[in-house]
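Read the figures in this text as sums done on the coordinates, not as results from a lab. Note that the structure is predicted; figures quoted are calculated from it, not measured. We place every Cβ from the backbone using ideal geometry, glycine too, and count neighbours over all the protein chains shown.
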Number of protein chains: 2
Amino acid sequence: MTGDRYPSQLLKNAVDAISALPGVGKKSALRLALYLLKQPPEYVCHFTEAVGRLRSDVKYCRECMMISDNDVCSICSDKSRNRNTICVVENVMDVMSIENTGQYHGLYHVLGGIISPIDGIGPSDLTIGKLAERTEKLAREADDPSDIEVILALSGDVEGETTSFYIYRRISGFGVKVTSLARGLGFGDDLEYADEMTLGRSIANRQIFKP
Amino acid sequence: MTGDRYPSQLLKNAVDAISALPGVGKKSALRLALYLLKQPPEYVCHFTEAVGRLRSDVKYCRECMMISDNDVCSICSDKSRNRNTICVVENVMDVMSIENTGQYHGLYHVLGGIISPIDGIGPSDLTIGKLAERTEKLAREADDPSDIEVILALSGDVEGETTSFYIYRRISGFGVKVTSLARGLGFGDDLEYADEMTLGRSIANRQIFKP
C-alpha cells in the first residue's frame, strides 16, 4: 500500500515530514496528509501556525527551565508555593504529571534530559550547573541550609540513578537535604506480579503501618 | 497526566491542533509537541512548510481529479497506459493501493468521496458529473462504445453499492461496458472464517478452474 510511488511530490514531502515524527508510520502519515488535504485551508494554516509558533516563540522559565509564556513561569511566580523545596525532573511532561497529582506544592527544576553516555548526553548538556547555583543561593540565604530540600524525581533506571548520584555529588556540599522519590509497589499492585528488585526495596524500606 | 493545566498557552495551542487530527489523543499530541520542541528550528520549519504547502499548492489532475503536481497527472499523461479503461475509485489512497498491485494499466477517476446521505454527501458533491462527461466523450470517439470499460472499484458496503448503482444509471446509456471488482474470499482466506455473504457470493460467482 505504501510503495514509494507518490502521485505528487508535495504529498510525498508531507508524508515524509509527518512520518518522521516518533511513532507515526508511513501509512498513518499518508492518512493524516490526506485528511489535512480535505480540510479548509484555514484549518491547515491554523495547524501549521500553532506548531510553528510553539517552536519559534517558546520561552523557558529563567528559574526552573520549564516551558513558559513569560520569563518566569507560573509556578515560580506563584507566591503561595513552598520556595524551599525544589523537585528535580527530567522534562516538562514530568512536571505536568506531578502537578496533576496535586500532592506537591514546591518549585521544580527541569534538567532537559538525563545523563546517558550511550546517547552522548553528559552533565554539561543538562541544566545541572544552573541547579547547583540555585541550590547554593537558597542554602546561603536560609537560616539553616538543611531547611532546603532538593527532591531527585528521576526515573529508576541506570541513567536516572547515575544522574541522581551525579547531582547529589554536586549539591550535597551545600548542606541541603537531598531526597528521592519513594520506590515500592505501585498503588493496587499485586505482590505476585511485582519484580524482585521492586519487592526487595519495598521490604527494605518498609514503613510504620498507619491505619 | 493530561489534565487541562498546561504550563504555556503556546504548548496548549499546539497540543490542541495536533490532537484534532484523527486517531491522535491528547497524550500522544503532547508527546509529539514536546518532541518537536526538542528539534532544531529548521526541522520544525521544514515540517510546517511541507504540511502547509501540501494544502496550499496542491493541484488536482483536470482529467481524473487525482492529486498531481501538474495540470494533468503522471498517470493520465502516460502514453503507454490503456486509455479505454477508467477505474472509478473513492479517493487518492485507493489509486495508490491499486497502482501498488501492478495489475492495472488503465486510467482512473477519483470521486473524492462516496454518496452518504447520513454524512450529507450527495452525488453533486462528488466528481460524478465529470466522470459522465469523460465517459460520453470516450464513447463518442470510439469505433464501438463497448470497447470502453468503466470499472467501479468502490467498497462493498451500502454506500459503495449505492454509489456504484447511481454511477451505473448515469453512464450505462452511453453503451460502454461497466464492470465492478470481483468479490469473494480473500487470497489465502480460510473457508471456516468467511462470513456468509462473502461465501455466498463466492459460490454464485464461481469461476472455471485454471490450474
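Test of the criteria: in segment B:176-211, which chymotrypsin sites (Phe, Trp or Tyr not before Pro) are in a DSSP loop and have at most 16 other Cβ atoms within 10 angstrom of their Cβ? Of the chymotrypsin sites (Phe, Trp or Tyr not before Pro), the ones in loops of segment B:176-211 whose Cβ has at most 16 other Cβ atoms within 10 Å are B:F187, B:F209. Computed about its Cα centre, the charge dipole of chain A is approximately 480 debye, with only Lys, Arg, Asp and Glu carrying charge at their Cβ. So for chain B, if I pair up every lysine 8 or more residues apart or on another chain, how many of those pairs have alpha-carbons under 22 Å apart? For chain B, the number of qualifying lysine pairs is 11. Would you work out if segment B:9-57 is rounded, prolate or oblate? Take a ≥ b ≥ c from the square roots of the eigenvalues of the alpha-carbon gyration tensor; rounded if a/c is under 1.5, else prolate when a/b is larger than b/c, oblate otherwise. It comes out oblate by the Cα gyration axes. Think of the protein assembly as shown as having a plus end and a minus end, set by charges on the Cβ of Lys, Arg, Asp and Glu; of B:I203, A:H46, B:G120, A:H46 sits farthest toward the positive end of this dipole.
Which of rounded, prolate or oblate describes segment A:77-117 when judged by the alpha-carbon gyration tensor and an a/c cut-off of 1.5? The shape class here is prolate.
Helix B:158-171 axis versus longest C-alpha principal axis of chain B: approximately 50°, rounded to the nearest ten. Helical runs assigned H by DSSP (4 residues or longer) give the protein assembly as shown a calculated mean residue ellipticity at 222 nm of -13000 deg cm²/dmol, each run adding -39500 (n - 2.57) before division by the residue total. Fewest-first ordering of A:D144, A:D78 by other beta carbons within 10 Å of each residue's beta carbon gives A:D144, A:D78. Loop-located trypsin sites (Lys or Arg not before Pro) in segment A:159-196 (DSSP state other than H, G, I, E, B) with a sparse environment of at most 16 neighbouring Cβ atoms within 10 Å: A:R183.
Applying Stokes-Einstein at 4 °C and 1.567 mPa s to the Kirkwood radius of the protein assembly as shown, computed over alpha-carbon pairs, gives a translational diffusion coefficient of 49 µm² s⁻¹.
First check a/c for chain B, with a ≥ b ≥ c the square roots of the eigenvalues of its C-alpha gyration tensor; if it is under 1.5, answer rounded, and if not, answer prolate when a/b is larger than b/c or oblate otherwise. Prolate shape, in that a/c is at least 1.5 and a/b is the bigger ratio. Could you tell me which of A:V178, A:C61, A:A17 has its Cα farthest along the dipole of chain A towards the positive end, charges placed at Cβ (Lys, Arg +1; Asp, Glu -1), taken about the Cα centre? Result: A:A17. GNM on chain B, alpha-carbon springs under 10 angstrom: the most fluctuating residue among B:D125, B:D147, B:D57 is B:D57. Taken over the alpha carbons of segment B:80-195 as equal point scatterers, the Debye sum produces base-10 log I(q)/I(0) values at 0.13, 0.17, 0.20, 0.22 Å⁻¹ of -0.54, -0.87, -1.12, -1.28. In chain B, the beta carbon lying closest to the axis that superposes B onto A belongs to the residue given here with its whole-angstrom distance, B:T48, 2. The ranking of B:H109, B:H46 by Cβ neighbour count inside 10 Å, starting from the fewest, reads B:H46, B:H109.
Between the amide H of B:T179 and those of B:V150, B:I151, B:L152, distances stay under 5 Å, these residues lying 5 or more places away or on another chain, with hydrogens modeled in the peptide plane. Using only side-chain charges placed at the Cβ, +1 for Lys and Arg and -1 for Asp and Glu, the dipole size of segment A:9-57 relative to its Cα centre rounds to 280 debye. Here the protein assembly as shown is assigned +1 on the Cβ of each Lys and Arg and -1 on the Cβ of each Asp and Glu. Its dipole about the Cα centre then comes out at about 560 debye.
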